[in-house]
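As structure tokens, the structure follows; a few thoughts come after it.
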Amino acid sequence: ATVVSGHWLARKLDGFGLSRPVAVPFGIDKEQFSPHRASSSVKAEILESCGVGPDAKLLVTISRFHPEKRLGTLFEAFGRASAKEEMALVVFGGGPLDRWVQKRAKKVPGVRLAGYTKNRDELAAILSSADAMLHGSAAETYGLVVAEAICSGLPIIVPDVGGAADLAGPGHAETYTPGDVQGCEAAILRMLARPRAELQAACAEVAGTGIGTMDDHFRQLFELYVSIVEESRA
């Protein structure tokens with residue numbers, strides 16, 4: 001078997017003729033990333049730091065600053081959407097495109113670059129307090145930060161290809177074609193127009209049945225190993 005972490009990647013490798021690709025999805029810390037960490041004061045503080053009003057919507061992006069993450073698409077789409085409805089975007093991360101990202105972000109009102117954070121409790125509180133996660137990459141194998149967002153009760157706006165797309169569903173997500181600025185803008189506005197309570201309920205359902213923990217991941221992995229050994233002995 002060829003073990004991969006995402007079902008989309010297993011399908012892709014199967015299309016290439018690779019023998020028996022098997023998806024064993026990663027897991028996350030579902031106790032840490034939970035809707036119970038939501039805080040109105042946390043949200044208010046971030047909105048103020050972004051230079052917007054207290055009633056603005058808050059989007060969150062967590063990303064390595066790399067071309068495959070398509071941050072340029074996110075900034076441009078956010079800029080267009082924020083001209084129609086007041087919102088803020090806080091971006092966590094860093095990487096080889098640091099200077100380019102800093103330059104682009106300065107041109108878009110409402111965007112704050114928060115850098116890296118090693119405080120996972122802080123990040124969990126922000127995810128559960130925001131209105132949506134905005135994501136640009138179509139290349140990750142699973143989408144750990146997207147899974148953490150969903151388990152935090154945060155709906156997602158993601159490309160319709162890749163690991164993030166595997167975690168998307170109509171109840172808690174809006175999707176767009178990777179790199180499509182207008183499509184991303186429309187997805188942002190559609191998401192922010194949807195009832196918050198319904199989105200959170202859908203996130204809770206997916207978190208309970210569609211996303212596992214790391215214990216679940218290793219249990220599935222070892223079960224696969226056992227099945228392979230048993231087949232080889234048959």
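Observations on the model:
- Karplus-derived HN-Hα couplings along the stretch 167-180 (A = 6.51, B = -1.76, C = 1.60, θ = phi - 60°), whole Hz, x at Gly and Pro: 9, 8, x, x, x, 9, 9, 10, 10, 8, 5, x, x, 8
- FRET efficiency for ARG11 and SER41, using Cβ-Cβ distance with R0 set to 41 Å, rounded to 0.05: 0.40
- DSSP loop trypsin sites (Lys or Arg not before Pro) with at most 11 other Cβ within 10 Å excluded, longest remaining stretch of the chain: 119-234
- Summarising the amide proton neighbourhood of MET87: residues at separation of 5 or more, or on other chains, whose placed amide H is nearer than 5 Å comprise LYS57.
- Whole-Hz Karplus values for the stretch 8-15 come out as 4, 6, 4, 5, 5, 5, 4, x Hz, taken residue by residue from phi with 6.51 cos²θ - 1.76 cosθ + 1.60 and θ = phi - 60°; glycine and proline positions read x.
- When HIS7, HIS66, HIS36, HIS135 are compared by accessible area of protein heavy atoms, the largest-first order is HIS36, HIS7, HIS66, HIS135, using a 1.4 Å probe.
- Amide H partners (placed H, <5 Å) of VAL22, local residues excluded: THR2, VAL3, VAL4
- Whether the stretch 154-227 is rounded, prolate or oblate, judged on the alpha carbon gyration tensor where a/c under 1.5 counts as rounded: oblate
- Pairwise Cα distances in the stretch 117-161 exceed 17 Å in 31 percent of cases.
- Model label points for SER49 and GLU223, set 7 angstrom from Cα along the Cα-to-Cβ axis, are 4.1 nm apart.
- Within the chain, longest stretch clear of exposed GluC sites (Glu not before Pro) (DSSP loop, no more than 16 other Cβ within 10 Å): 87-234
- Highest-MSF residue in the chain out of THR177, THR117, THR141 [GNM, Cα springs under 10 Å]: THR117
- For the pair ASP121 and VAL108, label points projected 7 Å from Cα toward Cβ lie 3.1 nm apart.
- About the centre of its Cα atoms, the stretch 105-182 shows a dipole size close to 420 debye [charges on the beta carbon of Lys, Arg (+1) and Asp, Glu (-1) only; nearest 20 debye].
- Theoretical ellipticity at 222 nm over the chain - DSSP helices of four or more residues, -39500 (n - 2.57) apiece, nearest 500: -14000 deg cm²/dmol
- Across the accessible surface of the chain, with the other protein chains kept in place and a 1.4 Å probe, carbon and sulfur atoms take up 52 percent.
- Per-residue HN-Hα couplings for the stretch 90-100 [Karplus 6.51, -1.76, 1.60; θ = phi - 60°; Hz; x = Gly/Pro]: 9, 10, 9, x, x, x, x, 9, 3, 5, 5
- What the chain shows is 49 Å² of accessible area per residue, with the surface traced by a 1.4 Å probe over protein heavy atoms.
- Residue order for PHE26, PHE222, PHE65 - accessible surface, 1.4 angstrom probe, largest first: PHE222, PHE26, PHE65
- Listed values (1) 8, 34, 40, 18, 1; (2) 9, 36, 40, 14, 1; (3) 8, 32, 36, 16, 6, 2, 0, entry calculated as P(r) over Cα pairs in 10 Å bins from 0, in percent: (3)
The values are calculated or read from the model by the stated rules, or taken from the named source; none is laboratory data. Note that this is a predicted model, so its numbers are computed, not measured. Every residue, glycine as well, gets a Cβ built from its backbone with ideal geometry; the counts of neighbours run over all protein chains shown. Accessible surface is based on the protein model in full, side chains and every heavy atom, while ligands, DNA and RNA are left aside. Shrake-Rupley method; radii C 1.70, N 1.55, O 1.52, S 1.80 Å.
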